[in-house]
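Written below as structure tokens is the structure these notes are about.
Derivation of every value follows stated rules applied to the coordinates shown; laboratory data play no part. All of these numbers come straight from a predicted model, not from anything done at the bench. Virtual Cβ from ideal backbone geometry, glycine too; neighbours counted across all protein chains shown.
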Amino acid sequence: MNMKFEITANVYLHGDQDRVMHRLDEIANFLTTMGARIMADLSALTAEVTRNTEVDQSAIVLLTGLAAQIEAMKTDPAALQGLADSLRGSSDALAAAVVANTPVA
């Protein structure tokens, strides 16, 4: 996403114009810096929302596939047990990976 941030200011100077112009330059620089920070934060937030949406979609596909497998195996206890064993193995591996990659608080 590409966004543009633009500010237009009309300034009428009375008095020490150099001092006023210097201060206006400082304000403009500050606003430019803040605009860049806001855009960076917005870009990071957009990326995180996209990543979460992708994870959600993956979970939906997984659950839909799992439901289809269970439906197909509902009359075959041995096949259901095999699926349960496979899921348990995957669950244990995922739990171990989470523990291994979670920093200690």
request  = Say whether the condition of being within 18 Å of the chain's Cα centre (by Cα) and among the charged types (D, E, K, R) is met by at least one residue in the range 18-29.
outcome  = no
key: Residue check, Gln69 surrounded by 10 or more Cβ atoms within 10 Å (Cβ to Cβ), within 15 Å of the chain's Cα centre (by Cα) and not in a loop (DSSP other than H, G, I, E, B)   = no
inquiry  = Test of understanding: among Leu45, Leu24, Leu31, which residue is touching a Phe, Trp or Tyr at 6+ places or on another chain (Cβ under 9 Å), without any contact (Cβ under 8 Å) to a residue 40 or more places away in the chain and not charged (D, E, K, R)?
reply    = Leu31
